[in-house]
1. Which of the residues that make up region 155-168 are surrounded by 13 or more Cβ atoms within 10 Å (Cβ to Cβ) and part of a helix (DSSP H, G or I)?
2. Count, please, the residues in region 129-150 that happen to be without any contact (Cβ under 8 Å) to a residue 12 or more places away in the chain and part of a loop (DSSP other than H, G, I, E, B).
3. Which of the residues that make up region 47-62 are over 11 Å from ARG98 (Cβ atoms) and either buried (at least 17 other Cβ atoms within 10 Å of the Cβ) or among the hydroxyl-bearing types (Ser, Thr, Tyr) (or both)?
4. Does SER172 count as closer than 15 Å to ASP82 by Cβ, surrounded by 20 or more Cβ atoms within 10 Å (Cβ to Cβ) and of a type in the set (Gly, Ala, Ser)?
5. Answer yes or no as to whether ALA11 is of a type in the set (Gly, Ala, Ser), more than 30 Å from THR136 (Cβ to Cβ) and touching a Ser or Thr at 6+ places or on another chain (Cβ under 9 Å).
6. When both residues are 6+ apart or on different chains and their Cβ atoms are under 7 Å apart, which pairs have a first residue that lies in region 96-109 and is closer than 14 Å to ALA23 by Cα and modelled with pLDDT of 90 or more, and a second that is surrounded by fewer than 20 Cβ atoms within 10 Å (Cβ to Cβ) and of a type in the set (Gly, Ala, Ser)?
7. Just need a number here: residues in region 70-107 that are more than 24 Å from ASP164 (Cα to Cα) and not hydroxyl-bearing (Ser, Thr, Tyr).
8. Any idea how many residues of region 2-51 are out of contact with any helix residue (DSSP H, G or I) (no Cβ under 7 Å at 6 or more places or on another chain) and among the hydrophobic types (A, V, I, L, M, F, W, C)?
Amino acid sequence: MTTTRERSLDAAVHLVGTQGIRALTHARVDAQAGLPRGSTSNHFRTRDALRAGVTTWIAEQERGDLAAVLTRTFDDLEGFVDVFSSAIELLTGPHAVRTRARYALFLEAASDPELFAPLRAQREAMAAWSRNLLVTLGAKHPDTALHAFMAFGDGIILHRLTVDPDAPVRPSVDAALRGCLVA
């Protein structure tokens, strides 16, 4: 059974992911979640607390969804391309609204280290996992490859969220990864 807090957080993610950060108010979250007025503020007293709760919630949800990816290791290029492509398709397909909310919060949190902390931790985990795999796959310059590959990942996610939701993922991941390994 979903708790009131979880309903509030899911509704808040939906609002931010579909209408932007300005839509994040206690009253609008209550309405979106179908909760009595004031329910969200019982869990998140201020807007800052609500933003922090949403940020943490998104990180928790993504960790759960990507756990199978982040715990796998690969020693072959094709396996890595398949799993990374699947992760991008998940983030830009079934979880596109949540991913849009994460990007909106990234921008909002850029000047707020406390708000940014859960998103930064999530990104650092993905970077560590990716760097280890790049080393395993033989990247000549793993730190440079990591920065390029992470930038590519952000780029294709943003492209699919904004310009072309049906853009093919696997061929692009394959080309980017091969380029990162030789650069």
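1. Across region 155-168, the qualifying residues are ILE156, ILE157, LEU158, HIS159, ARG160, LEU161.
2. Looking only at that region, the number is 0.
3. LEU50, ARG51, ALA52, GLY53, THR55, THR56 - these are the residues of region 47-62 that are over 11 Å from ARG98 (Cβ atoms) and either buried (at least 17 other Cβ atoms within 10 Å of the Cβ) or among the hydroxyl-bearing types (Ser, Thr, Tyr) (or both).
4. No: the conditions fail for SER172.
5. yes
6. ALA104/GLY20
7. Of all residues in region 70-107, those more than 24 Å from ASP164 (Cα to Cα) come to 70-79.
Right, trim to not hydroxyl-bearing (Ser, Thr, Tyr) and you get 70, 72, 74-79.
Residues meeting the conditions: 8.
8. Looking only at that region, the number is 3.
The values are calculated or read from the model by the stated rules, or taken from the named source; none is laboratory data. What you are looking at is a predicted structure, and each value in this text was computed from that prediction instead of being measured. A quick note on method: Cβ atoms are made from the backbone with ideal geometry, for glycine too, and the neighbour counts reach across all protein chains shown.
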